[in-house]
Amino acid sequence: MQSSYADRFERDMGCTETEWLGWLPAAVGDGRPWRVEGSSALVQIPPGSLQLRWQVMPPRVIALMRMPVLRVGFVFEGLDAAQRYAFMKRFDLYMQRGGG
């Protein structure tokens, strides 16, 4: 988790698109309206929204290990720094995998 989040940024996620779509509902939060269209999703976060766009990238290869890579773009609209932080705190904690 970061101390602040810009209104737009990209990150590489170590997961497949299928895994991402499986985790996404719980990461955005119960009861929060959102919809997926192709390789993007729009999440309603009153008073604004978050547009997510993802692209499957070539796997990261380290010796004999191959890790899937999903590049995800985040674009917040109508949310101040505190609102972005509050949303991303839950999102990042939910998406966190592995060693902490």
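Restricted to the stretch 84-95, and to residues there that are under 15 Å from S3 (Cβ atoms) and not aromatic (F, W, Y), the residue that is least open to solvent (accessible area, probe 1.4 Å) is M88. One residue stands out among those in the stretch 1-29 that are in a loop (DSSP other than H, G, I, E, B), open to solvent by 20 Å² or more (accessible area, probe 1.4 Å) and within 10 Å of L70 (Cα to Cα): the one that is modelled with the highest pLDDT, which is T16.
Taking the criterion of being surrounded by 12 or more Cβ atoms within 10 Å (Cβ to Cβ) and on the phi > 0 side of the Ramachandran plot, the only residue of the stretch 53-83 that qualifies is G78.
For the stretch 41-52, does any single residue satisfy the condition of being part of a loop (DSSP other than H, G, I, E, B) and either open to solvent by less than 60 Å² (accessible area, probe 1.4 Å) or farther than 14 Å from A6 by Cβ (or both)? Outline the logic, then answer.
So the first thing to find is which residues in the stretch 41-52 are part of a loop (DSSP other than H, G, I, E, B), and the list is 46-47.
Right, trim to either open to solvent by less than 60 Å² (accessible area, probe 1.4 Å) or farther than 14 Å from A6 by Cβ (or both) and you get 46-47.
Yes: one or more hits.
The values are calculated or read from the model by the stated rules, or taken from the named source; none is laboratory data. Small disclaimer: the values here were computed from a predicted structure and weren't measured. FYI the Cβ positions are ideal-geometry reconstructions off the backbone, even for glycines, and counts take in every protein chain you see. In case anyone asks, the SASA skips ligands and DNA or RNA and just uses the protein heavy atoms, side chains included. Shrake-Rupley method; radii C 1.70, N 1.55, O 1.52, S 1.80 Å.
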